[in-house]
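Report on the following structure.
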Amino acid sequence: MVQLKKYIRPYWGFIILTLLIKFLGTATELMIPSLMEVMLDEKVPAGEAKAIWIYGGWMLLCALGCLAGNIIANRMSAVSSGKITRAIRHDLFEKLQSLSARQMDELTIPSAESRLTSDTYNVNQLLTRIQRMGIRAPILLVGGIIMLVQMDIQLSLILVGLLPVIALVVYFVTKKSMPLYTAQQSALDSVVRVVQENITGIRVIKALSKTEYEKGRFEGVNKNLTEIGLKAGMTTSVTGPVTSVVLNLGLTLVVVVGAFRVNGGAIESSVIIAALQYFVMILNAMVGITRIFVMWSKGEASALRVAEVLAMPEDL
């Protein structure tokens, strides 16, 4: 990843602006349940129609601000990620052109092709995902917890108690999935190599009646790629369901505990409604964070493969 930092550095200002817009859009989204809680708790019982319209207008403005901020930031992230990837792909191609025959034999042409195509694509997706969810998800998570603590500490403790479980799952899945994605890209190199050899030597293969033999070769490498891909996919697919189950259990606990506290007169029912909205935001944030870690495993594996070529010494 160190080799790729120089490609990101020229766009730091643009990326920071993107993250700032994303931050402002997410912050406005966090205000909506709080405004609704005040409106339901104070303005509706008092019958203040004008205040209700005012609070409703603020909620609408927050929703529009969140929508506009996310759209603008997502478009900006696509622009910066595309330009960074274009520069990486350009230098990678130039580097491949400068390699000696010995270096190219060690690297192999299929590996060079997959690094120039699929690996750079994975890097692009990593950069885009980080800019889109890397700031939004943590803000929703931390901000949602802070707002819950301000509303009711006991309800927020339910969520805080669940976070370590989710963090452990994400950690172990990420640790296990990264070697699998590296192996998947290597297996893809083998598939590209077999296809390239068949296309190049198609006349010889037909002349020597080796069609069935080559089908068997392709089936072998294709099966290996499929098995590794399935294993990697099954490993990373654990995070989403586990996160959803844990957080939905927490959502149920919030409803049950909140119902008892409302019945005891400790809190108002409007607090439960707002708390549930914050809990849904936090749930979506945790799902987004798990997806970032999944994409990070794949993107880092590809980035290391790209950086390996860029760091190869001059041999001519």
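The values are calculated or read from the model by the stated rules, or taken from the named source; none is laboratory data. Keep in mind the model is a prediction, meaning the values are calculated, not measured. Cβ sites come from the backbone with ideal geometry, for glycine too, and all protein chains shown count toward neighbours. For the accessible areas, the whole protein counts, side chains as well, though only heavy atoms, and no ligand, DNA or RNA atoms are used. Shrake-Rupley method; radii C 1.70, N 1.55, O 1.52, S 1.80 Å.
Tabulated values for the structure
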{"item": "Å² per residue, accessible surface of the range 167-222 at 1.4 Å", "result": "65"}
{"item": "Rounded to the nearest 20 debye, dipole of the chain from Cβ charges on Lys, Arg, Asp, Glu", "result": "620"}
{"item": "Cα-based Rg / Dmax (Å) for the range 114-170", "result": "16.9, 53"}
{"item": "Alpha-carbon Rg/Rh ratio, for the range 100-229, with Rh computed the Kirkwood way", "result": "1.25"}
{"item": "As computed over the range 186-276, the Cα convex hull volume per residue (Å³)", "result": "115"}
{"item": "Debye log10 I(q)/I(0) for the range 1-95, one point scatterer per Cα, at q = 0.13, 0.16, 0.21 Å⁻¹", "result": "-0.60, -0.73, -0.96"}
{"item": "0 to 90° range, to nearest 10: angle between helix 269-310 axis and the chain longest Cα axis", "result": "20"}
{"item": "Label-point separation, V262 to V160 (7 Å along Cα→Cβ), nm", "result": "2.4"}
{"item": "Computed helical MRE - 222 nm, the chain, DSSP H runs ≥ 4 contributing -39500 (n - 2.57), nearest 500", "result": "-30000 deg cm²/dmol"}
{"item": "Label corresponding to Cα extents along the principal axes in Å when calculated from the structure given, among (1) 72, 49, 49; (2) 89, 39, 31; (3) 85, 39, 35", "result": "(2)"}
{"item": "Estimated inter-spin distance, L249 and V44, nm [label 7 Å along Cα→Cβ]", "result": "3.2"}
{"item": "Where the range 224-316 is the region considered: accessible area per residue in Å², 1.4 Å probe", "result": "47"}
{"item": "Simple label model, 7 Å out from Cα along Cβ direction - F23 to Y171, nm", "result": "2.7"}
{"item": "Residue among I289, I272, S177 farthest towards the positive dipole end of the chain, charges placed on Cβ", "result": "S177"}
{"item": "Residue among M36, L126, L208 farthest towards the positive dipole end of the chain, charges placed on Cβ", "result": "L208"}
{"item": "Under the Karplus curve 6.51 cos²θ - 1.76 cosθ + 1.60, θ = phi - 60°, whole-Hz ³J(HN,Hα) for the range 82-91, x wherever Gly or Pro sits", "result": "x, 5, 5, 5, 4, 5, 4, 5, 5, 5"}
{"item": "Apportionment of accessible area to carbon and sulfur, the range 151-300, percent (1.4 Å)", "result": "67"}
{"item": "Segment L67-K6, extension gain: residue separation times 0.36 nm, minus the distance between their alpha carbons", "result": "18.7 nm"}
{"item": "For the range 46-190, with +1 on Lys and Arg beta carbons and -1 on Asp and Glu, the positive-most of A46, A112, L168 along the dipole", "result": "A46"}
{"item": "The range 135-210: mean projected area of Cα convex hull, nm²", "result": "8.5"}
{"item": "Peptide ranges 40-52, 83-95, 138-150 listed from the most packed, as the mean C-beta count within 10 angstrom indicates", "result": "138-150, 83-95, 40-52"}
{"item": "Cα gyration tensor shape for the range 244-283, rounded if a/c is under 1.5, else prolate or oblate", "result": "oblate"}
